[in-house]
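Please read the structure below before turning to the comments.
The values are calculated or read from the model by the stated rules, or taken from the named source; none is laboratory data. These numbers were taken from a predicted model, which means no experiment stands behind them. Reconstructed Cβ throughout: ideal geometry from the backbone, glycine too, with neighbour counts over all protein chains shown.
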Ligand SMILES: [Fe+2]
Ligand SMILES: [Fe+2]
């Protein structure tokens, strides 16, 4: 079967699948002039989504591009990488903990706020991508996969509760620093569990090619995932796949309207 056929069928429907739930959620939360601004920004966000989606569809595939000197189309060899999903997730942990450390050392409230918004968005996207693609593989391949995933999801919920509070606290308040410390402890503990117990088991049980495929799926999922904590939303693969892109669209819309870092 030709590989372009599913792409040709999927691409025209992607904006519809994303915008319908997004507008439905936006209608419930935004009114009046804010609603009008919302519609204007939706167009910009949709353009981003289209770019992300086209990049996602086209990534890693061979193709042709014009040679700058001759103008002839030369074959492009797909870039191969051996970086797998565990490398990516471990790097995410390090980067998030570094951001939290920078917040703790900063003395400027506006910088602390920007860094906090950034780390919240990064951790939310990371957790959702894990729940979509990594935790299902852990359930499938780890001897006590169900139990371990349940434990990890519980820790994701606790992190989301902390991030929800941190999102709402002014960076000049003493409580802000306390919540940053709490988030750092929770994330450090959770990352240690994954890196020392579950990721090594996953690497031992799952073929490398599949771990590389999972990295590609995780990276694509993070581009469309929500950027804000939603502690009461289901932590389920199906929910993230069906509703997540719409919620992500609304989150990015709110991020743009409020000039929030993500
Ligand atoms: Fe996790
Ligand atoms: Fe993780």
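Taking residues in segment 146-157 that are closer than 16 Å to residue 231 by Cα, and partners anywhere that are near ligand 1 (Cβ under 8 Å from one of its atoms) and at pLDDT 95 or above, the pairs with Cβ atoms closer than 6 Å and at least 6 places apart or on different chains are 155/190; 156/127.
Among the residues making up segment 129-145, those that are in a helix (DSSP H, G or I) and free of Cβ contacts under 8 Å to residues at least 12 places away in the same chain are 139, 140, 145. If you check 208, 156, 151, 189 for being touching a helix residue (DSSP H, G or I) at 6+ places or on another chain (Cβ under 9 Å), on the phi < 0 side of the Ramachandran plot, exposed (fewer than 14 other Cβ atoms within 10 Å of the Cβ) and at pLDDT 95 or above, only one passes: 189. One residue alone among 100, 89 is within 16 Å of ligand 1 (Cβ to nearest atom), part of a helix (DSSP H, G or I) and farther than 18 Å from residue 181 by Cα, and that residue is 89. Residues that are surrounded by 21 or more Cβ atoms within 10 Å (Cβ to Cβ) and more than 12 Å from the chain's Cα centre (by Cα) within segment 118-139 comprise 134, 135, 138, listed in sequence order.
Test residue 117 against the criterion of being in a helix (DSSP H, G or I) and more than 19 Å from residue 224 (Cα to Cα), and give yes or no.
Details: in a helix (DSSP H, G or I): yes; more than 19 Å from residue 224 (Cα to Cα): no.
It is false that residue 117 is in a helix (DSSP H, G or I) and more than 19 Å from residue 224 (Cα to Cα).
The set of residues in segment 186-228 being under 18 Å from residue 166 (Cβ atoms) and away from ligand 2 (no atom under 15 Å from the Cβ) consists of 226, 227, 228. One residue is enough: does segment 147-166 have a residue meeting the conditions more than 15 Å from ligand 2 (Cβ to nearest atom) and more than 21 Å from residue 240 (Cα to Cα)? Within segment 147-166 (the criterion being more than 15 Å from ligand 2 (Cβ to nearest atom) and more than 21 Å from residue 240 (Cα to Cα)), the answer is yes, since at least one residue qualifies.
Residue count for segment 192-205 satisfying the condition of being more than 12 Å from ligand 1 (Cβ to nearest atom) and out of contact with any helix residue (DSSP H, G or I) (no Cβ under 8 Å at 6 or more places or on another chain): 3.
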